[in-house]
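Enquirer: Just passing along the structure, written as structure tokens.
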Amino acid sequence: MILPITIAAPILARTESEAQILLQSVRSLARQALPLFFADGGSIPGFREDLAKISRVTVRQTPGEGPRLVSQVRQALDAAQETRTPYILYTEPDKQWFFENRLETFLSNATTDASEVGIYLPARDAASFATFPRVQQTPEQLFNALAAETLGRQADLLYGPLLLRRDLVPLLDPLPPDLGWGWRTFLVVAAHRHGLPLVTWEADLPCPEEQRGEGDEQSQTYRLEQLAQNIRGLVLGRKELLQARD
């Protein structure tokens with residue numbers, strides 16, 4: 001049995017080439033024949049219209065200025081939540097390799113009753129994790145070790161996609177708008193706080209060939225920013241966990 005699922009994702013196309021890459025990736029995702037909800041963060045003209053032409057896609061525009069990722073994610077999740085399906089698959093929209101090679105198997109393995117699992121996520125095995133750039137491996141290894149102290153288990157938490165119970169979405173209400181990628185780690189700890197298990201599906205999930213370079217100083221700084229956001233989300237989630245125990 002495959003769980004009833006709706007898909008939610010933030011999306012942003014800043015250039016024409018980026019737009020074409022994202023559209024191709026979303027078309028691959030749409031082959032799952034599931035409802036798709038995107039929250040656009042201010043893409044180039046025409047992109048939202050092209051995106052909305054893809055079957056089963058709904059696009060919402062995220063208003064406002066300043067940091068947008070948290071509001072984008074929440075807008076997409078809220079839209080997916082309105083369908084009342086018990087589970088929502090969150091993903092970044094550019095994971096075309098995963099969509100074409102692993103997503104169907106991942107979803108077919110998500111057969112545990114929805115009432116028994118909080119979050120179900122794909123995790124890289126050791127060999128595929130080693131294909132990612134060192135500048136990505138090092139901060140992610142550090143974060144996973146820190147998170148294990150809170151969750152009581154070691155897991156690869158940062159590959160990207162995650163399947164979550166619909167009723168976990170309101171737990172994101174108190175998040176600061178500038179938390180960035182830390183929203184995911186906050187949610188994982190929040191589910192743990194409510195006694196909802198984290199289940200991982202370990203598989204061969206290699207880094208796409210074109211993304212294996214170490215990158216320039218700007219991309220390396222971005223990885224450090226992601227680490228800081230993830231740690232901040234972990235800290236916020238841990239504080240709520242400790243308060244719940246008092």
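The values are calculated or read from the model by the stated rules, or taken from the named source; none is laboratory data. Since the structure is predicted, the reported quantities are computational estimates derived from the model, not experimental observations. Counting neighbours? That spans all protein chains shown, and the Cβs are built from the backbone with ideal geometry, glycine included.
Enquirer: In region 32-43, is there at least one residue being over 21 Å from the mean Cα position of the chain (by Cα) and either in contact (Cβ under 8 Å) with a residue 60 or more places away in the chain or more than 20 Å from Leu172 (Cα to Cα) (or both)?
Expert: There is no residue in region 32-43 that is over 21 Å from the mean Cα position of the chain (by Cα) and either in contact (Cβ under 8 Å) with a residue 60 or more places away in the chain or more than 20 Å from Leu172 (Cα to Cα) (or both).
Enquirer: Out of region 227-246, which residues are out of contact with any Lys or Arg (no Cβ under 8 Å at 6 or more places or on another chain), surrounded by fewer than 18 Cβ atoms within 10 Å (Cβ to Cβ) and either of a type outside the set (Gly, Ala, Ser) or assigned by TED's automatic domain parsing to the domain that holds Leu69 (or both)?
Expert: Ile231, Val235, Lys239, Leu242, Gln243, Arg245, Asp246
Enquirer: Taking Ala203, is it over 19 Å from Phe129 (Cα atoms) and either outside the structural domain of Gln75 (by TED's automatic domain parsing) or at pLDDT below 95 (or both)?
Expert: no
Enquirer: Return only the number of the condition from (1) part of a loop (DSSP other than H, G, I, E, B); (2) surrounded by 19 or more Cβ atoms within 10 Å (Cβ to Cβ) that Ile44 does not satisfy.
Expert: (2)
Enquirer: Within region 188-201, is even one residue over 23 Å from Leu77 (Cβ atoms) and within 17 Å of the chain's Cα centre (by Cα)?
Expert: Checked against the condition, which is being over 23 Å from Leu77 (Cβ atoms) and within 17 Å of the chain's Cα centre (by Cα), region 188-201 yields no hits at all.
Condition check ((1) in contact with a strand residue (DSSP E or B) (Cβ under 9 Å, 6 or more places away or on another chain); (2) farther than 24 Å from Gly182 by Cβ; (3) in the same structural domain as Asp167 (by TED's automatic domain parsing)) across all residues:
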position: Ser28; (1), (2), (3): no, yes, no
position: Leu51; (1), (2), (3): yes, yes, no
position: Thr105; (1), (2), (3): yes, yes, no
position: Pro133; (1), (2), (3): no, no, yes
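Enquirer: In region 78-92, what count of residues is obtained for those that are in a loop (DSSP other than H, G, I, E, B), surrounded by fewer than 19 Cβ atoms within 10 Å (Cβ to Cβ) and in contact (Cβ under 8 Å) with a residue 12 or more places away in the chain?
Expert: The number of residues fulfilling the criteria is 5.
Enquirer: Can you tell me how many residues within region 58-74 are modelled with pLDDT of 95 or more, more than 16 Å from Arg184 (Cβ to Cβ) and crowded, with 19+ Cβ neighbours inside 10 Å?
Expert: 1
Residue by residue, here is whether (1) polar (S, T, N, Q); (2) touching a helix residue (DSSP H, G or I) at 6+ places or on another chain (Cβ under 7 Å); (3) farther than 25 Å from Pro208 by Cα holds:
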residue	(1), (2), (3)
Thr6	yes, yes, yes
Pro10	no, yes, no
Ala33	no, no, no
Phe47	no, yes, no
Val70	no, yes, yes
Arg74	no, yes, yes
Ala80	no, no, yes
